[in-house]
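A.B. asks: Have a look at this one.
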């Protein structure tokens, strides 16, 4: 029988090695979780209606008032929010608190150059870090661990989120950020890091570099890794676990809702527990918007139940997945989401960065090129390759090789400013990009990302 003195819960079917950061929440009865969600949703809808004119207008257009929302059963009455709304409302249109109450922003790239900017009060930051702390503890983290955070810092949510969660747990936190892999490994060896947080592809690269430096997994002290921000397969999980001698855990999040920690894997690793006390999840038909029953495959929609500064209601993530409340051996009672199985839009994730074809098109048109282009994404080893082929006019193609090379470099630089990552640009002759029924195939993704 399992017992934790911090929570009045007795369970005979729980993994005795499992630990919790906030057991009274993570292991709460489902009825209690729903009670919290109902109370928070009613309060949140009123908060948004009173303070966010953009969303109030959407509610009015749909004929809904806060009085119509009495529980999560009424959530379907509310309008959706999409990435387009975030773009239209940029930068302050969805802000629900005075700027004087906000202590931070985080950001990701937008589809036409306008970034998604999320605002945080101190309470928002604290709750976000709690979510990340739960993920770290679920991976076996304690205040005796050394947590090496190799996600990017700055506007990207990966580094700051896991950094704050590590502090909450009491780990010795190494804010390494990404890059300079040999230095990463040297710190890993010298400080005996036990938990690694980064993108899965970077974890694979660390393993490769470790071997190139003459070390093996027996020379390091890692026991677990928390990986997210890009799709990864079960095959990649096994590769990481074998090369680093660890157990690899998945984590999920969006800048729009807070960042990593919206959901996370436990020891069972059959899906990611959603932090339901903070986020209410729905699965909808991406075509009709109809809410689907548990176990159905569809588009994931999130409502932030207690975020103060940037509270999104019914935000369409465009990620396709399945929700399940099947009993979990870890003892946590929060619903699980599967790994995302694809997208309901044309977004790609390349090296952990969200990329839309429309962003490429925006750059091309601004630089005076046509919109005839093709994006080719592949994976060599553990690294995504990103090539953009652009048709030029007959006159441009007649330029010297040196002139074309300079044009390619300039265009690549402009795309990096838009996207945050650097594609390899190839200028090609007119009508050389294959058409299908007269229309260019915009994206060719050769990566094998099937579980």
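A.B. asks: What length, rounded to one decimal in nm, is gained on full extension from residue 270 through to residue 366, with 0.36 nm per residue of separation minus their alpha-carbon distance?
C.D. replies: My answer for the length gained is 30.0 nm.
A.B. asks: P(r) tail for the range 350-445, what percent of Cα pairs lie past 20 Å?
C.D. replies: Here the long-distance tail beyond 20 Å is 34 percent of all Cα pairs in the range 350-445.
A.B. asks: With the crude spin-label approximation of a point 7 Å out along Cα→Cβ, what separation in nm comes out for residue 61 versus residue 345?
C.D. replies: Once both label points are built, they end up 1.6 nm from each other.
A.B. asks: Kindly list the residues of the range 75-98 that lie in the label zone of residue 290, defined by a backbone N under 17 Å from the point 7 Å along the Cα-to-C-beta vector.
C.D. replies: Residues 76-77 qualify, since their backbone N sits under 17 Å from the label point.
A.B. asks: Quick one: if the Förster radius is 45 Å, what FRET efficiency do residue 84 and residue 189 give, using the C-beta to C-beta distance and rounding to 0.05?
C.D. replies: Values: r = 47 Å, r/R0 = 1.05.
FRET efficiency, residue 84 to residue 189: 0.45.
A.B. asks: Which value in deg cm²/dmol, rounded to the nearest 500, describes the helix-derived mean residue ellipticity at 222 nm for the chain, given -39,500 (n - 2.57) per DSSP H run of n ≥ 4 and division by the residue count? Mind dumping the intermediate values first?
C.D. replies: Values: 12 runs with 138 residues, N = 451.
Value at 222 nm, helices only: -9500 deg cm²/dmol.
A.B. asks: Between residue 399 and residue 235, what is the label-point separation in nm under the 7 Å Cα-to-beta-carbon projection?
C.D. replies: About 3.9 nm separates the two model spin labels.
A.B. asks: As an exercise, use a Förster radius of 35 Å and the Cβ-Cβ distance of residue 76 and residue 126 to find the FRET efficiency, rounded to the nearest 0.05.
C.D. replies: Computed FRET efficiency for residue 76 and residue 126: 0.70.
A.B. asks: Out of all DSSP beta bridges with both ends in the chain, state the antiparallel percent to the nearest 5.
C.D. replies: In the chain, approximately 65 percent of DSSP beta bridges are antiparallel ones.
A.B. asks: Indicate the gyration tensor shape class of the chain (rounded, prolate or oblate), computed on the Cα atoms with a ≥ b ≥ c the square roots of the eigenvalues: a/c under 1.5 is rounded; otherwise a/b larger than b/c is prolate and the rest oblate. Walk me through the numbers before you get to the answer.
C.D. replies: Details: a/c = 1.91, a/b = 1.21, b/c = 1.58.
Here the chain falls in the oblate category.
A.B. asks: Which whole-number percentage describes the relative contact order of the chain, with Cα contacts under 8 Å and a sequence gap of 6 or more?
C.D. replies: In percent, rounded to a whole number, it is 14.
A.B. asks: What whole number of Å gives the distance from the Cα centroid of the range 198-242 to the Cα centroid of the range 326-394?
C.D. replies: 22
Here, each number is a calculation from the coordinates, and none is a lab measurement. On a predicted model such as this, the values are computed, not experimentally measured, just so you know. Cβ: placed from backbone, ideal geometry, glycine included. Neighbour counts: every protein chain shown.
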